[in-house]
Amino acid sequence: MMKKVYFAVMATTMVLMGMSVNSGAATMQKYGDFNDNQAAFAGFVFTPDLPQYTETGDPMPQTAYLTSWTYAKSSSGYGGAAMTYLAIYMYDATTGYHTLLGTSTNYIDFPATTNLSLMTWYFDYIPLDRDTQYAIMFVNELGVSSAGGVELDTTNATTNGVIQIGQVKVNQPTWETHFEATYESTTPFPTYVSPADSENNVATDVTLSWTAPTAFTPVGYNVYIDLYEPNLTAADAAWYSAGQAGTTYTPSPVLASDTIYYWRVEALEPNLVAPYMPIPHSGPAWQFTTAPKAVVIVTNPASQTVPAGDTVVLTMDALNATSYQWYKDGSLVIDQTTATLTLTDVQLADEGFYTCTASNALPSSATSVPAQVMTRRLAGWWKLEDPNTTGGFLADSVQTEVPGAPAHIATAAEYRVAVGKEGSAIELNGTTNRLVTVSDSTSFFNFYPQGYTVSAWINRSAATAWGAYVSKQAPATTEPAAPAKGFILTHNASGQPVHTLRTVNPNDLSSNVEADDNTWHLATGTYDAATKTSKIYVDGLLRNQVTYTAHPAISPAAVMFGAELPNGNIAYTGLLDDVRIWTYPLDDQAVANLYTDFNPDIYVCLERPELDVTGPNGVPDCKVDLYEFAEVAAEWLECGLYPPSNCSN
């Protein structure tokens, strides 16, 4: 059976005791005439305060409490089970319906209901924001989405719409159900504050807290706590506080560790009718789990990339811990025995992976997830041109720019050297034998969620499929819906360079510039963690960018050249030269300099001067020179005035 959201008090009982069930100001809404078109679907998306709805009664407040919802059964009689509830969810246009807010206190027997009859579901004052989108879904007694057939419009374009069976998002945006709804401006129920429903690691000496109902001033509260939800009654609850004043309660004796508890609170309304017994209004039954006695990591230290000389503060939080010890790359950091580690004047030698082990006398210990500390610098530089260095053509030349930096030599079963953009390059033919893998790169290059740049010179013929120049991507696992993780500098089937970041949306950022014409092009991708912005450059110019709402996730894969995945899938066929990776996002000027360093005779125009009106071919060329002077002189000779707008017609 469906879990009850509220311990409801029967409305008839309240009336007999002298209270009106509707204790606040009511707002009634209606849309449609309940007799138009019919369809069976899973849910309807609505915003409480839309101008399309007819509203009567009191104006809708910012927070309104839903108490009833009415549909008309489909005129065809199709759709709906014998036990059909309505459930209210938060709704997001990207992810669909999620986060259950409440379920109706009654169900409708669709097969037993006459076609076109009105069907009303009742709710225990579910708080809704009048300007927020919600999904109201048909669910069965197990809370699983089901179908319901009701009357609706099929040609009304609004910001809402219908979710059909088997869908999680609106796929019929012009369908609008006919309905009536009732909202109250106040609620007779307490609103819980802490602990949150289903919260974990709650202290055993927890203090429960809630806020008072808005429909009346309570004369007290009844509080119930127990190991079993059905026991939340005065007779059975292990902890029961009757008629207490105030909106907090601390159970005594303290709760047991690592245990699930259920709790609920009743607000007591004063009763002016003999025998004057207060009228209880119960909030929902919530649950929480107390913290175990063992050490539990609550917050891990965060990875950080900073300019050399800056300060890094790493902090972790653990329950039940009495001592701490920090480690760098597995080695103990002397005299660092608190939950916070401060690194001042951070230099190359401070880079690494930091963990903290928290312990207690149980004995118990737990170690945090590693936090990577990096300085802003060039992290890898594969020139692919010097056979005399360690690693040969696949050597990492980062130390020529950052002395002392760890080098990550690349390896391949075989490789073919070709003429490069400058010096030599390697030729990739789409086979796994020529797939290049960077050594010791699985963890080290996971700084990219804190910001990074990847660039490569590429040269290939016309493309017919995707192919990755540089990647650090692990495929999705067998875990259901597990996403691929990593970054990729690649090209699409049109030969346009693309910067890809997995686990964010949209993950493929195309340059919209074709670069598959058998000439050398510089492809560059950057990610700025401060703004969550990804960019793609071609030949030193910014071509596209996108801002995300979250950071990409780290990848367990190695850095590779020539394919998107470790098995060689989505391979690149062409020439590759001068691959570089930085620990921070280069700005527009720095990316332009990367291009002009190899093309000193080419000027990259980042911002066109205001007076640039022409050039050698009669079009602006990002320069103000003799071509502009000749243009101005010609216009001046026509009337002798400047600017030409001063000349009369």
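The values are calculated or read from the model by the stated rules, or taken from the named source; none is laboratory data. Predicted, not measured: the structure shown is a model, and the values here were computed from it. Here Cβ is always computed from backbone atoms with ideal geometry, including for glycine, and neighbour counts include all displayed protein chains. The accessibility values were calculated without ligands, DNA or RNA, using every heavy atom of the protein model including side chains. Shrake-Rupley method; radii C 1.70, N 1.55, O 1.52, S 1.80 Å.
The table below lists the values:
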item: Residue check for PRO253: without any contact (Cβ under 8 Å) to a residue 40 or more places away in the chain, surrounded by fewer than 18 Cβ atoms within 10 Å (Cβ to Cβ) and within 21 Å of VAL202 (Cα to Cα); result: yes
item: Single unsatisfied condition, PRO188 versus (1) within 25 Å of MET83 (Cα to Cα); (2) open to solvent by less than 30 Å² (accessible area, probe 1.4 Å); result: (1)
item: Single condition TYR262 does not satisfy, out of (1) part of a strand (DSSP E or B); (2) under 26 Å from the mean Cα position of the chain (by Cα); result: (2)
item: Condition met for PRO51 (farther than 16 Å from PHE138 by Cβ and either open to solvent by less than 50 Å² (accessible area, probe 1.4 Å) or not in a loop (DSSP other than H, G, I, E, B) (or both)); result: no
item: The lone exception for LEU152 - which of (1) open to solvent by 40 Å² or more (accessible area, probe 1.4 Å); (2) in contact with an Asp or Glu (Cβ under 7 Å, 6 or more places away or on another chain); (3) within 21 Å of SER75 (Cβ to Cβ) it fails; result: (1)
item: Subset of the stretch 292-315 (residues that are open to solvent by 60 Å² or more (accessible area, probe 1.4 Å) and at pLDDT below 95); result: LYS293, VAL298
item: Enumeration of residues in the stretch 329-343 that are open to solvent by less than 50 Å² (accessible area, probe 1.4 Å) and either within 32 Å of the chain's Cα centre (by Cα) or acidic (Asp, Glu) (or both); result: ALA339, LEU341, LEU343
item: The stretch 217-250 - residue that is among the aliphatic types (A, V, I, L, M) and assigned to a loop (DSSP other than H, G, I, E, B) and, of those, nearest to PRO284 (Cα to Cα); result: LEU232
item: Within the stretch 116-183, strands (runs of 3 or more DSSP E) holding 2 or more residues that are among the β-branched types (Val, Ile, Thr), touching a strand residue (DSSP E or B) at 6+ places or on another chain (Cβ under 6 Å) and more than 30 Å from THR214 (Cβ to Cβ); result: 161-163
item: Entirely in the stretch 437-547, the strands (runs of 3 or more DSSP E) that have 3 or more residues that are open to solvent by less than 30 Å² (accessible area, probe 1.4 Å); result: 452-459, 467-474, 485-491, 497-501, 521-528, 533-538
item: Residue among GLY166, GLY143 that alone is open to solvent by 50 Å² or more (accessible area, probe 1.4 Å) and on the phi > 0 side of the Ramachandran plot; result: GLY166
item: In the stretch 417-433, residue surrounded by the fewest Cβ atoms within 10 Å (Cβ to Cβ) [restricted to those that are of a type outside the set (Ser, Thr, Tyr) and closer than 21 Å to ALA474 by Cβ]; result: GLY430
item: Residue ranges of strands (runs of 3 or more DSSP E) in the stretch 274-323 with at least 3 members of a type in the set (Phe, Trp, Tyr), out of contact with any His (no Cβ under 6 Å at 6 or more places or on another chain) and on the phi < 0 side of the Ramachandran plot; result: none
item: ASP396 vs. criteria touching a residue at least 24 places away in the same chain (Cβ under 8 Å), surrounded by fewer than 14 Cβ atoms within 10 Å (Cβ to Cβ) and within 36 Å of the chain's Cα centre (by Cα); result: no
item: Leading residue by the ranking (farthest from the chain's Cα centre (by Cα)) among those in the stretch 304-328 that are within 26 Å of HIS551 (Cα to Cα) and β-branched (Val, Ile, Thr); result: THR311
